[in-house]
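Accompanying notes for the structure given below.
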There are 2 protein chains.
Amino acid sequence: MDKYSPITITLDQRSDAVTITQWVYSTLRRAVMLGQIPPGRALTIRELAALLDVSPMPIREALRQLSAEGALEIKGNRRVMVPDMTPVKFSELVDARIALEPAAAAKALPYINSERVALLRSLDARIDEAEAAGDAEAVTHWNQEFHRAIYTSNPHQVTLPLIESLWLQLAPFMRRSAESLDEYYQIDRHQEALEAILRNDPAALQLAIAADIRDGCAFAQTPAKLQKLLR
Amino acid sequence: MDKYSPITITLDQRSDAVTITQWVYSTLRRAVMLGQIPPGRALTIRELAALLDVSPMPIREALRQLSAEGALEIKGNRRVMVPDMTPVKFSELVDARIALEPAAAAKALPYINSERVALLRSLDARIDEAEAAGDAEAVTHWNQEFHRAIYTSNPHQVTLPLIESLWLQLAPFMRRSAESLDEYYQIDRHQEALEAILRNDPAALQLAIAADIRDGCAFAQTPAKLQKLLR
DNA sequence: ATCTTTCGATTGTGATCACAAATATGATGG
DNA sequence: CCATCATATTTGTGATCACAATCGAAAGAT
């Protein structure tokens, strides 16, 4: 049944509260973010339907949504796959993050109350735990939650979907890198961000966020290092 | 057959080269951008299927894709509609455009050759024609083509989908404004942009693009004026 | 041995149908 | 006259099927 290379997707319990399509969507989304689907590997509707044990219909819907979000790519021959990466593309995606995220943080700053700060602290603690445990996957996850918690403080937030699209495109290639945790001990930019928040200093917050993004992607900023990740 | 208020969608010839889903997608997309679908109006699959004379299936797929792109919104009760606008949201969307588009232009600059410049000139001419003819719809269209032609000069462009998502969200409310063309005679920022391109001056190009965006949305930058658009 | 060609298997697309949830409609009671 | 509830209709969801396009592998030619 495996077309080219076998793929393993972690599937969690399906709740009755959500539609099958929603469950398929979140399952495939996480599979993409965890790099469980090799870039370039052709995905077929029926194969995924069998893998997730659902009918082809919810798969079709989820694939179309993920493609619209940039997580997947529909080639001209109608084949769906995780888009492959180039050093230049990687760099452009990171630049787009830096164009959007610090600004989103600054716009959210006026809405961050002490309750939100407490949430941010606890998320930061989880990141430290994951780092100590050497769990690169968890580090990435809680890191995103930290950023999301900042941006969503702004009730008028409109750029989060765009930002998440960038995360989706970068994620499959981030994880492979994070596995080499050696050079991943970054300066704690989150601490800088928190201090900027407490000082109510938008400019410093923007700098901290930008630096955090750059640090998190620095492993791949030289073409040589990135090339290694793409096999 | 009309649920609440009747909607009229301009549908063009369906070619055999594209799938029905693609045709439905582009048809509905244009309907959204032209403001033919009132914000908040509930869209049903079967109604649209009857309207476009296709089966419900392609409608479902197109609606899901458009929702993922921010053109439509799926409410909790599963109803699909054009999201409604608030002054703050409008302002945030414009800010996001300014965060992305000038940067995209600057990154494209090195790739703009004389052939591209000729294309840009012709697009600019079409805008002038449309303005002279008082055709607000055409002005908006060619204006977008002008911007797109700049950004797509960069073969490694990754932000265009994000930018188009912002256009989709703003468009339904831009058109209603452009109808009052009185205050729409903007200084020719496109000429500034072209000169910056010829001078190979990224900073000036960024300023021109940002100013162009601001001018094009200035009509709604004061809450009072925007409120008028939202009825 | 390498490149074409051919043909069977697989795939995406689109239509149709069943069903449960949500909505609208009407009747009933205050 | 308005609010409440029961019923009937409509709606999204998901399954199944038919078909044309596409792909993959084996057979053929050079």
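Observations on the structure shown:
- Counting, for every residue in B:100-107, the Cβ atoms of other protein chains within 10 Å of its Cβ and taking the mean gives 3.
- In terms of the mean number of neighbouring beta-carbon atoms within 10 Å, the peptides A:154-163, A:98-107 order highest first as A:98-107, A:154-163.
- Per-selection Kirkwood Rh - region A:1-64 (Cα, Å, 1 d.p.): 12.0 Å
- In chain B the Cα-Cα distances spread across 5 Å bins starting at 0 as 1, 6, 13, 17, 18, 16, 13, 9, 5, 2, 0, 0 percent of all pairs.
- Selection from B:Gly70, B:Met33, B:Thr21, by position along the positive dipole direction of region B:20-81 (Cβ): B:Gly70
- Residues B:Arg199 and A:Ser55, FRET efficiency given R0 of 41 Å [Cβ-Cβ distance, rounded to 0.05]: 0.10
- Dividing the Cα radius of gyration of the protein assembly as shown by 2.2 N^0.38 Å, with N the residue count, gives 1.01.
- Counting only other chain Cβ atoms within 10 Å of each residue's Cβ, the peptide B:158-165 averages 6.
- Charging the Cβ of each Asp and Glu at -1 and of each Lys and Arg at +1, and nothing else, the dipole of the protein assembly as shown about its Cα centre rounds to 1180 debye.
- Between helix A:136-151 and chain A: long-axis angle, C-alpha atoms, 0 to 90°, nearest 10: 60 degrees
- Rounded Å value of the spacing that divides the Cα centres of region A:31-60 and region B:59-103: 27 Å
- A probe of 1.4 angstrom, applied to the heavy atoms of all protein chains, finds B:Phe173 with accessible area near 10 square angstrom.
- At R0 = 45 Å, FRET efficiency that the Cβ-Cβ distance of B:Ser15 and A:Glu129 yields, to 0.05: 0.20
- For region A:55-71, 3J(HN,Hα) computed residue by residue from phi via the Karplus equation (6.51, -1.76, 1.60; θ = phi - 60°) reads 7, x, 4, x, 4, 4, 5, 5, 4, 5, 5, 5, 5, 5, 8, x, 6 Hz, glycine and proline entered as x.
- Chain B: angle of helix B:20-33 to the longest principal axis, Cα-based, in degrees nearest 10: 70 degrees
The values are calculated or read from the model by the stated rules, or taken from the named source; none is laboratory data. Since we're looking at a predicted model, the values are computed, not measured. Every residue, glycine as well, gets a Cβ built from its backbone with ideal geometry; the counts of neighbours run over all protein chains shown. Heads up: the accessible areas ignore ligands, DNA and RNA and are worked out on the full protein's heavy atoms, side chains in. Shrake-Rupley method; radii C 1.70, N 1.55, O 1.52, S 1.80 Å.
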